[in-house]
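> Pasting in a structure now, in structure tokens, and then I'll have a few things to ask.
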Amino acid sequence: MIADWAERIRAFSEGLCTRFGIPGLLVDVLAWIFGAIFVLLLITVVALAAIYLERKVSGYIQSRLGPMRVGPIGLFQTPMDALKLLEKEDIVPRDADRFLHLLGPVLLVSATVMMFAVIPWDVRANVGRWLDWEIGLLYLVAVSGIGMLGIVCGGWGSNNKWSLLGALRGVAQLISYEIPLVLAAMCVVLQAETLSLSQMVEQQQAGIWAWFLWRPWLMLPAILLLIAGIAEVNRTPFDIPEAESELVAGFHTEYSGMKFGLFFLAEYTHLFVVGLLFAVLFLGGWASPLGGSNLPFEGLVWLNLKAWIFVLIAMWVRWTLPRLRVDQLMAMCWKLLIPASFAALVIVGVVLMYA
Amino acid sequence: MNLVQYYGLTAEQWLEYVGFLGTAGVALVSGLGVLFARRVLHAAVWLLFCLLGVAGLFALMGAHVLFGVQILVYAGAIAVMIIFAVLLLERATGRGILSGNRHLFAGVVSAGAFVVVMAPTLGVALWAAGWPSQTAPTTGQTNVALIGRLFLTRHLLAFELMSVVLLVAMIGAIVLARAERRSDAEEAPEAQGGGAAHVPTEEARPS
């Protein structure tokens with residue numbers, strides 16, 4: 001099969017190393033470094049593309065054109081904005097806690113980047129390697145929890161009541177919505193009988209009808225994961241932590257320059273990771289909808305396309321629905337989503353036991 | 001398998017060695033950070049890094065499930081809970097909480113006593129059992145499956161008891177929080193509105 005390109009690149013570099021007498025283990029180390037560079041490049045491109053897309057989508061939804069001036073159809077608008085953020089002065093409030101003020105965006109971005117480590121990009125791209133963990137899903141959930149510490153550090157370190165309130169709300173929301181998210185993912189774990197993300201994809205690769213989304217008992221978890229996933233990245237129906245009308249900008253009120261940019265990078269990257277997770281759990285990951293993938297890098301393209309579907313849905317929801325109030329937000333999670341996800345878990349368990 | 005040795009160790013052992021030094025160093029340094037940070041919140045953040053370092057040690061030993069659970073429960077939940085408690089306390093009292101090392105002598109003595117008791121115990125145990133050469137499970141099953149099976153067979157009672165304890169703790173916390181809120185609302189309805197943002201009373205920076 002041509003599709004196991006990762007295997008071929010690996011064999012090639014192994015041959016190269018044997019010829020020049022480099023120990024085999026360094027191949028692994030080099031592969032990790034290349035993987036890390038790939039992920040860093042990817043998130044930069046993804047964040048820029050997602051911000052451009054967000055502006056365009058919001059524009060079309062509001063009968064505008066969105067960015068049009070910089071570059072053809074405004075394509076260079078977001079790179080230029082990123083450049084502007086890079087050269088802006090980095091202002092730290094005088095009474096801020098400098099250590100925590102710096103740590104906030106750093107923790108948030110690193111937690112988001114770490115989540116990419118277990119994403120199965122393609123057929124056998126990381127099967128059996130260190131990163132194809134038997135605990136893939138557990139790792140993803142665990143690492144995303146570190147991100148909320150970044151929000152707390154940033155919000156508290158700014159020494160600003162809006163920042164602090166935003167951070168408190170943000171963490172309360174993230175903790176609450178993590179429960180339906182994890183429970184919905186647990187339904188898929190019950191179905192697939194594994195925590196490894198690439199093994200979940202392998203069970204769905206027979207074609208579009210093999211996707212877990214079409215199992216009737218997994219439709220409710222899919223909807224729950226969609227809602228909780230959008231809430232998990234603090235987007236508009238759930239963007240209480242940075243509600244502009246109440247809290248200026250929430251936990252990143254006191255940030256400027258590239259630190260502010262990092263918060264945005266983390267937000268859009270996190271959105272994309274949740275999209276990837278949704279694609280892996282319900283939409284067959286790297287598997288082609290036609291069944292089997294035969295071209296090099298085909299899986300990579302499919303996985304990205306599926307993740308962008310989730311991102312587009314999230315944008316569409318953001319520009320359609322109004323923001324929830326704090327109490328409505330919590331009531332929705334604790335009184336609606338969590339009971340529903342427990343019910344879904346029981347239903348999936350019963351169905352799988354008797355079917 | 002490449003068995004070329006460098007200074008008596010294979011490349012794999014070197015990598016493990018460097019990885020161990022790195023993660024253990026993170027855990028140690030941030031543990032000291034917890035001790036010597038003046039602000040309680042800084043101590044809590046150092047604690048987070050300490051717990052992450054311990055998680056790295058688990059990963060090096062091939063205990064992947066423990067690694068995930070360590071991050072999820074300790075770094076994700078307990079560190080967040082400590083930080084939350086500190087945040088709410090500071091907001092309620094309006095000034096930063098400082099942690100001093102007032103009981104330095106007693107602390108050093110008790111830590112020394114701990115070392116005196118533990119070191120011989122561990123040493124004897126290791127001497128009797130021999131230094132373990134292999135840590136990763138050699139059976140065909142994954143860690144997840146093994147742990148899951150043990151939970152539901154040999155350790156079922158402990159597992160169920162733990163979940164009951166956690167449930168009781170959760171319900172208890174809800175009951176306590178409800179009672180407190182009701183009395184708060186009767187006494188001082190405007191108490192929430194007047195709180196200013198926290199003003200650091202001390203310009204101390206982490207050492």
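> How big a patch of accessible area, both sides summed and in Å² to the nearest 100, lies buried between A and B at a 1.4 Å probe?
Summed over both sides, the interface buries about 3300 Å².
> Next question, about the same structure. Keeping the other protein chains in place, figure out the carbon and sulfur percent of the accessible area of segment A:93-354, with a 1.4 Å probe.
72
> Quick one: which residues, 5+ away or cross-chain, put their amide H under 5 Å from the amide H of A:Trp319? H built at 1.01 Å from N.
Under 5 Å from the amide H of A:Trp319 lies no amide H from a residue far enough along the sequence or on another chain.
> Over the whole of A:103-116, what's the average partner chain Cβ count within 10 Å per residue? Rounded to a whole number, please.
Average per residue, whole number: 1.
> To continue, here is another question. Between A:Leu86 and B:Leu167, what is the spin-label point distance in nm, taking each point 7 Å from the Cα along the Cα→C-beta axis?
Inter-label distance under the simple model: 5.6 nm.
> Quick one: which of B:157-163, A:343-349, A:165-171 comes out on top by average Cβ neighbours within 10 Å, and what's the full order, highest first?
Descending packing order for the listed peptides: A:165-171, A:343-349, B:157-163.
> Given A:Lys56/A:Lys335; A:Lys56/A:Lys259; A:Lys161/A:Lys259; A:Lys56/A:Lys84, which pairs have Cα atoms separated by over 27 Å?
A:Lys56/A:Lys335
> Here's something else I'd like to know. From the square roots a ≥ b ≥ c of the eigenvalues of the alpha-carbon gyration tensor of segment A:93-354, which class results: rounded (a/c under 1.5), prolate (a/b over b/c), or oblate? The partial results should precede the final answer.
Working: a/c = 2.14, a/b = 1.58, b/c = 1.36.
The shape class here is prolate.
> Going highest first, how would you order A:205-211, A:154-160 by mean Cβ packing within 10 Å?
Result, highest mean Cβ count within 10 Å first: A:154-160, A:205-211.
> Let me ask something else about it. Amide H of B:Arg39: which non-local residues (sequence gap of 5 or more, or other chain) have their own amide H closer than 5 Å, using H built in the peptide plane?
Under 5 Å from the amide H of B:Arg39: B:Ser99.
> OK, next. How well do other chains shield peptide B:73-81, expressed as the mean number of their Cβ atoms within 10 Å of each residue Cβ?
4
> Something else: Quick one: check the C-alpha center-to-center distance for segment A:162-241 versus segment A:39-53, whole angstrom.
Distance between centres, Cα-based: 22 Å.
> Can I ask one more? Using θ = phi - 60° and the Karplus relation 6.51 cos²θ - 1.76 cosθ + 1.60, list the HN-Hα couplings for segment B:111-118 in order, rounded to whole Hz, with x at every Gly or Pro.
With coefficients 6.51, -1.76 and 1.60, one gets 5, x, 4, 4, 5, 4, 6, 6 Hz.
> Between segment A:60-97 and segment A:287-355, what is the separation of their alpha carbon centroids in Å?
30
The values are calculated or read from the model by the stated rules, or taken from the named source; none is laboratory data. What you see is a predicted model, and the numbers here were worked out from it, not measured in a lab. Backbone-built Cβ (ideal geometry, glycine too); neighbour counts: all protein chains shown. We work out accessible area using only protein heavy atoms, side chains counted, and drop any ligands, DNA or RNA first. Shrake-Rupley method; radii C 1.70, N 1.55, O 1.52, S 1.80 Å.
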